[in-house]
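J.: Got a structure here, written out as structure tokens. Questions coming.
The values are calculated or read from the model by the stated rules, or taken from the named source; none is laboratory data. Please read these numbers as outputs of a predicted model, since none were measured by experiment. Here the Cβ positions follow ideal geometry from the backbone for every residue, glycine too, while neighbour counts run over all protein chains shown.
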Amino acid sequence: MELKVKTYAEYMAQGEVPEILFWVGCAGSFDDRAKKVTKAVAKILQAAQVKFAVLGTEESCTGDPAKRAGNEFLFQMQAMQNIMVLNGYEVKKIVTACPHCFNTLKNEYPQLGGNYEVVHHSQLIESLLKEGRLTVSGGSFKGKKITFHDPCYLGRANDVYEAPREVLAKLDAELVEMKRCRTKGLCCGAGGAQMFKEAEPGNKEVNIERSEEALATSANIIAVGCPFCSTMMTDGVKHAEKEAEVSVLDIAEMIAHAADL
Amino acid sequence: MNSTGLLLSILPNVVFTLLLLAGIGLFAFNLRKIIRNIRLGRDLNRSDNPGERWKIMTLVALGQTKMMVRPIAGILHIFVYVGFVVINIEVLEIIIDGVFGTHRVFAPFLGSFYKVLIATFEVFAALVLIGVFAFYVRRNIIKIKRFVQKDLDGFPRFDANMILFVEVLLMSAFLTMNAADQVLSSRGADHYISYGNYPVSGLLTGLFSGWSDGALIVYERFMWWFHIIGILAFLNYLPYSKHFHILMAFPNVWYSNLNPKGQFKNMDAVTREVKLMLDPSAPVPEADGPVKFGARDVQDLSWKNLMDAYTCTECGRCSSECPANMTGKLLSPRSIMMKTRDRLEEVGKNIDANKGTFVDDGKSLLHNYISAEELWACTTCNACVQACPVNIDPLDIIVNLRQQLVMEESAPPASLATMFGNIENNGAPWQFSPADRLNWKDE
Ligand code: SF4
Ligand code: SF4
């Protein structure tokens with residue numbers, strides 16, 4: 001499938017208004033692994049004939065890592081600049097594949113003047129499937145064992161637990177839960193700006209603890225919904241030398257694959 | 001009866017009334033201090049949406065829904081909690097009897113229902129004993145991890161066992177008092193009328209069958225006094241103990257955060273400055289008073305953070321779910337709460353000693369109590385907030401202290417300083433050119 005991605009500016013130049021803004025995020029723009037997920041999301045939107053736009057070079061970090069690390073100045077600088085761009089285009093609805101962007105845009109931008117309907121890609125895919133705009137069958141996932149790792153900023157932070165599971169349920173696979181899941185889900189270790197620093201001294205890495213728990217389910221696939229979780233879980237699986245048997249995949253990649261996109 | 005006789009006969013009632021007033025008075029005095037300490041915190045509006053708040057309080061505090069996430073501890077705790085509440089109805093009777101010199105004053109009014117009531121109290125007293133016994137075993141024999149961790153060393157561990165011990169004493173006093181009462185009434189002693197069968201203490205009457213009437217009366221009276229003095233002492237121990245949660249849980253849950261857990265407060269003072277930076281001519285309201293970014297000491301936290309500290313039960317559910325704590329890092333959200341309370345108590349004593357104003361003691365919550373290493377171990381995952389049975393938010397304190405480290409002390413870890421620099425210069429936490437943002441579409 002040939003990917004056609006247009007920016008908001010391009011839509012406007014043609015006098016058209018897109019249905020939704022796809023907020024790609026920094027990981028989705030620059031991290032090699034996350035870029036694949038970005039493309040999968042774009043393919044899904046295109047296949048479902050969703051008129052979506054990206055901001056391209058006009059997008060900038062939401063400020064999430066700065067805020068969690070205590071740098072409120074930097075966060076608000078980023079937020080205000082982004083809000084100027086978003087409000088300039090009169091953006092109404094945003095989808096993002098990053099739970100950190102999702103949380104920040106949805107919960108922390110309104111008070112600063114940025115009011116949008118914000119959804120995580122799992123929620124959008126779920127509704128596209130429900131509305132019949134997108135159809136998938138199990139394909140290569142049929143009969144596989146999948147376990148879903150709840151991202152903290154999607155689950156506990158925003159009480160979204162079912163959308164990603166509903167999406168995965170469409171793959172005719174066996175969904176197994178880890179011992180700690182949903183409200184009790186264990187962090188991958190990357191949140192709160194940990195992604196950008198060495199861990200403090202301890203006796204174990206958080207991502208290894210979590211990956212061991214995921215591997216204990218004997219799932220073939222660890223499904224994720226966050227670029228940071230993806231990195232952490234992939235490293236954890238490698239650490240256990242299981243990368244040949246177990247893959248870490250974002251739900252968007254799985255749906256795009258199953259729908260032959 | 002001559003006047004000396006009358007005086008002697010009402011002496012116990014006078015003594016009782018004085019004790020009662022002293023006990024309640026002392027408690028009220030200490031409670032006022034705690035309320036003053038909580039008010040040292042910064043303003044925060046938590047009175048919106050009362051309907052929702054009453055609902056949460058009913059479910060989480062009264063109904064203990066979050067306790068039941070761990071069913072064994074949850075059920076045992078319900079035994080002790082319901083037992084405690086129910087038996088306090090009995091305490092009301094004890095107080096009236098004590099002040100007016102009556103004996104089981106409710107009995108004539110309630111008739112046969114009184115028997116049901118006493119039977120219920122006894123069953124709950126027994127359930128409390130079972131619960132307390134199991135709690136003791138879990139803490140000291142099975143040694144469940146969250147009860148043997150280092151942050152409970154010293155007074156907190158003593159405090160926990162002390163409370164269990166006192167509850168055993170109080171319940172035993174109550175049950176053996178009833179047993180002695182029964183033996184006396186079965187012998188037709190003065191005042192001691194039979195109130196039917198007592199399901200639990202009835203089993204204990206054998207212990208007293210060989211005692212003389214006199215000895216029984218002394219025992220029954222002694223246990224009666226012990227029970228009520230014990231309760232007054234316990235009441236006054238609460239302000240120093242994690243057991244204070246039996247009172248604080250209710251207001252603390254009522255004032256819960258109703259926003260999504262991922263939503264961190266935006267600092268108004270920063271909004272003002274950022275608006276000015278982006279547009280120097282923008283009309284922005286003046287800040288009222290000097291602006292401090294983040295929290296260095298307890299006075300810089302919100303009053304809700306401080307109320308949280310007084311509510312903490314030291315149960316460690318937060319720390320046992322904390323990814324940092326379970327992987328051996330220094331951070332323990334429970335200890336964040338305990339240290340906040342310790343520092344707040346210290347600040348309170350300082351204020352008492354200095355006629356109502358705080359005199360700088362060269363210490364602060366940040367650094368002297370909570371270290372940067374603890375703060376930087378947090379992943380802001382909200383597991384602690386989710387796990388807390390009384391809706392305490394340790395994460396909010398952690399973030400406030402981080403803000404102080406970064407914005408006032410300019411002391412983030414070097415790698416985070418690099419990340420800040422990248423966001424400032426490239427609009428991304430890594431060193432990539434913003435011009436490359438859309439490269440993925442053609443790769
Ligand atoms: S938010 Fe921080 S303190 Fe709380 S459980 Fe997560 S890592 Fe631990
Ligand atoms: S903060 Fe809550 S969960 Fe943690 S020890 Fe205190 S009461 Fe228990």
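To keep it simple, each residue is scored yes or no on (1) more than 10 Å from ligand 2 (Cβ to nearest atom); (2) more than 15 Å from residue B:239 (Cα to Cα); (3) away from chain A (no Cβ under 14 Å).
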residue	(1), (2), (3)
B:301	yes, yes, yes
B:309	no, no, yes
B:314	no, no, yes
B:324	yes, yes, no
B:329	yes, yes, no
B:338	no, no, yes
B:348	yes, no, yes
B:362	yes, yes, yes
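J.: Residues being outside any helix (DSSP H, G or I), more than 7 Å from every other protein chain (Cβ to nearest Cβ) and surrounded by fewer than 24 Cβ atoms within 10 Å (Cβ to Cβ): count how many of those fall in the stretch A:53-85.
T.: 2
J.: Scan (1) under 24 Å from residue A:106 (Cα atoms); (2) outside any strand (DSSP E or B); (3) among the hydrophobic types (A, V, I, L, M, F, W, C) for the single condition residue A:3 breaks and write down its number.
T.: Here residue A:3 meets the rest and fails (1).
J.: Now for a different question. At least 1 residues that are at pLDDT below 90 in each: list the helices (runs of 4 or more DSSP H) lying fully within the stretch B:167-278 that qualify.
T.: Details: elements: B:213-237, B:245-254, B:268-278.
In the stretch B:167-278, the matching helices (runs of 4 or more DSSP H) lie at B:213-237, B:268-278.
J.: Given B:371, B:320, which one is within 13 Å of chain A (Cβ to nearest Cβ), in contact (Cβ under 8 Å) with a residue 40 or more places away in the chain and within 9 Å of ligand 2 (Cβ to nearest atom)?
T.: Details: B:371 fails: within 9 Å of ligand 2 (Cβ to nearest atom).
Unique residue meeting the criteria: B:320.
J.: In the set B:382, B:426, which member is within 14 Å of chain A (Cβ to nearest Cβ) and more than 24 Å from residue A:153 (Cα to Cα)?
T.: Details: B:382 fails: more than 24 Å from residue A:153 (Cα to Cα).
After applying the criteria, what remains is B:426.
J.: Also, I was wondering about something else. Take the stretch A:40-59 and flag every residue that is touching a residue at least 60 places away in the same chain (Cβ under 8 Å) and either assigned by TED's automatic domain parsing to the domain that holds residue A:196 or farther than 14 Å from residue A:133 by Cβ (or both).
T.: Hits for the stretch A:40-59 are A:40, A:41.
J.: Among (1) within 16 Å of ligand 1 (Cβ to nearest atom); (2) touching a Cys at 6+ places or on another chain (Cβ under 7 Å); (3) more than 26 Å from residue A:206 (Cα to Cα), there is one condition residue B:395 misses while meeting the rest; what is its number?
T.: Residue B:395 satisfies every listed condition except (3).
J.: Could you tell me which of the residues B:267, B:248 is surrounded by 18 or more Cβ atoms within 10 Å (Cβ to Cβ) and within 14 Å of chain A (Cβ to nearest Cβ)? It would help to see each step written out before you state the result.
T.: Details: B:248 fails: within 14 Å of chain A (Cβ to nearest Cβ).
The unique qualifying residue is B:267.
J.: Same structure again: Please find, among B:59, B:44, B:18, the residue that is in contact (Cβ under 8 Å) with a residue 40 or more places away in the chain and either at positive phi or not assigned by TED's automatic domain parsing to the domain that holds residue B:320 (or both).
T.: On the way: B:59 fails: in contact (Cβ under 8 Å) with a residue 40 or more places away in the chain; B:18 fails: in contact (Cβ under 8 Å) with a residue 40 or more places away in the chain.
When all the criteria are applied, what remains is B:44.
J.: Would you mind finding the one in A:210, A:182 that is within 14 Å of chain B (Cβ to nearest Cβ), among the basic types (Lys, Arg) and surrounded by fewer than 23 Cβ atoms within 10 Å (Cβ to Cβ)?
T.: Result of the check over A:210, A:182: A:182.
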